[in-house]
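See below for the structure under consideration.
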Amino acid sequence: VRCLAYTLALLVAVYATFLIVWDPPNDDGPLPTQGGVTEVSRIEPLYTRIASEISGRDVEVRCWSESDWAERSEEVAAWTHGKMRPDEWTAYVSYDHERANFSPEICRSLGRWAYERRWPDDRSEIFNFAWSVKVLAHEAQHLRGIDDEAKADCYGLQAMPAVARGLGIGEEAARSV
């Protein structure tokens, strides 16, 4: 009886700690669905379609405004107890693996080509665009259920041509990205 009481007390303490510590980012509220290059927080339909195709299920991609991204960044840093610092990442997948959340920079870089058909003109923009394609491909792997970062990177790199094609880039250029 004493052992059972001790076990129950321990379980209650662990559960209570879990409830206090486990406070995921506030990234699941309603947002408008809107494509294009814009600075408002939104559900991005084109990136959502691409991520859904790669992950093999219905998922959602959210692009955040600068101010909302700053809030999400603080929440993610708190949620991960500082393991994810805002200056080290540009996207994350929600705790329930239903949504990928992208920084404004990633969405802008993808949108310049996808919506404005403006190909990057200098090395810095080319790097940022390739990085953004990689981020979308990588996060789609997490949405697919792959939690391991190395595996998500490996499969994400392989999915980059599919992402580029989904953005409207021709076959040869998609392979070069």
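The values are calculated or read from the model by the stated rules, or taken from the named source; none is laboratory data. It should be emphasised that the depicted structure is a prediction, and the values quoted were computed from it without experimental measurement. Cβ sites come from the backbone with ideal geometry, for glycine too, and all protein chains shown count toward neighbours. Side chains included, ligands, DNA and RNA excluded: accessible areas come from the protein's heavy atoms. Shrake-Rupley method; radii C 1.70, N 1.55, O 1.52, S 1.80 Å.
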Query - Approximate spin-label separation Ala173-Glu39, in nm, with each point projected 7 Å along Cα-to-Cβ - result: 2.7 nm
**Report entry** Nitroxide proxy distance, nm - points 7 Å out along Cα→Cβ at Asp121 and Leu157
**Finding:** 3.2 nm
Query raised in the report: At His81 and Asp58, where each label point lies 7 Å from the Cα along Cα→Cβ, what is the point-to-point distance in nanometres?
Result: 3.6 nm
**Report entry** All-pairs Cα distance distribution in region 39-177, expressed in whole percent, bin size 5 Å
**Finding:** 2, 11, 20, 25, 22, 14, 5, 1, 0
Requested in this report: Provide the per residue accessible area, probe 1.4 Å, for region 25-161, rounded to a whole number of square angstrom.
Outcome: 49 Å²
Query - Stretchable slack from Asp28 to Trp131, in nm (0.36 nm times residue separation minus alpha-carbon distance) - result: 34.6 nm
Query raised in the report: Of all the accessible heavy-atom surface of region 28-148, with the other protein chains kept in place and a 1.4 Å probe, what percent is carbon and sulfur?
Result: 51 percent
Query raised in the report: How much length is gained on full extension from His97 to Glu149, taking 0.36 nm per residue of separation minus their Cα-Cα distance?
Result: 17.3 nm
Query - Exposure ranking of Ile126, Ile106 by accessible area [1.4 Å probe, largest first] - result: Ile126, Ile106
